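Values quoted throughout were computed directly from the atomic coordinates according to the rules given, and no laboratory measurement underlies them. Since we're looking at a predicted model, the values are computed, not measured. Cβ placement follows ideal geometry from the backbone for every residue including glycine, while neighbour counts extend to all protein chains displayed.
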Amino acid sequence: YSVEQVGSWAMRYLQLENILVNNIVEVLEADLRQFLTQLGFLSFLSIPIQTQLGEIGILSCSHHQNSHVWNENELELLKAVTDQLAIAINQAQLYAQTQANVTQAQAQAQQLEAALQKLRQTQTHLIQAEKMSSLGQMVAGIAHEINNPVTFVYSNVIPAIEYTDDLLNLLSLYQEYYPQPVPEIQQHIEEMELEFIQEDLPKLLSSMKMGAERIRQIVVSLRNFSRLDEAEFKAVDLHQGIDSTLLILQNRLKEQAGQVGIEVIKTYGNLPLVECYAGQMNQVFMNILVNAIDAINEQNTQRVQCQSSSLESQENPCQKPMIQIQTEVVNFSWVMIRIVDNGPGMPEQVRQKLFDPFFTTKPIGRGTGLGLSISYQIVVEKHQGHLECYSEVGQGSEFVIEIPIRQRRG
């Protein structure tokens, strides 16, 4: 009821006074008498209730059939009820406040957890980015240092071949027109094995040319892998990035003491140029291939029997370690890269945590648990793509990368 309805008694209620009316005829205030008459009250008793939060209410008893003279026992009984009611209301309000505090605390805890998770992700990204940046700088530096002398050798080996051909032709002419040299020259010819030199020198220079060309290709691959200047989306050849990454890992793929060499089978589709962060995608290829190599080497060390992966065309048990890379266009607007190894595979509980930050099954000092987590962020968050892993114990592992050919703008 509003203060206007209650009338002049409103202030008495606010001052926590008990109001006792044996007969409304005794009420002098016309507005209050009219109010009680409208309610059908003939006798009226009210006691105020105040909560700990300062709220004020009224508990009242009334007679409707006839007037009633209120006695002391009735007043004490109603007062006891209001006291218990006030306690109950205070407890309810305290409980509600406690629940509100708990809800607020849970919300704050969730916000803190989300902030902590974001901080950890940022930390892992910074650590891995710094790691890859250092690797990229080192690779770019090596490529630059190698490029200058190799360019000098390669650019001069062709004229050297031409000059050698001219000299050998001239020597042949001398032998044709002067078949009988003086004894001293004849002795020197026999000592230096001129005939062998005439046959082997062109082969030697040709081998040098091929070696210089190979080093030039390696330098180009190193530069493609580092891509330090590509901080924006660019249309790039993903096959080139995969090949560059394989070149960096070539030493780990070769046969070594105690480890069988790993065969790499590439089944490349006709991919268009794909808009992406080229350096970051190379980082993804690097992380996945390193994990595949580690898994296969672990299997070789433990001599665990395994089976071929699903992509293997020949029905041949896993006698030779193998990594298969397959690319193709999906739905005309996406590209898919599948990287399959015939390693030992992994149980489901490990596969489910594979992309969690800092999760690793490797011994201390050999893995940080950052590589695949960063790879997931690069593919999913940076390129709006998908990164999935399928694996069973004894069946190897398969990583599937899908990214759009063109990135959405804005």
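Grab the other residues whose beta carbon is less than 13 angstrom from that of ASN270, score K and R as +1, D and E as -1, and report the net. Could the numbers behind the result be given before it?
On the way: positive: none; negative: ASP237, GLU328.
It works out to a net charge of -2.
How large is ³J(HN,Hα) for each residue in segment 334-350, as worked out from phi by the Karplus curve 6.51 cos²θ - 1.76 cosθ + 1.60 (θ = phi - 60°), to whole Hz, x for Gly and Pro?
10, 10, 10, 10, 10, 10, 10, 10, 9, x, x, x, 8, x, 4, 5, 6
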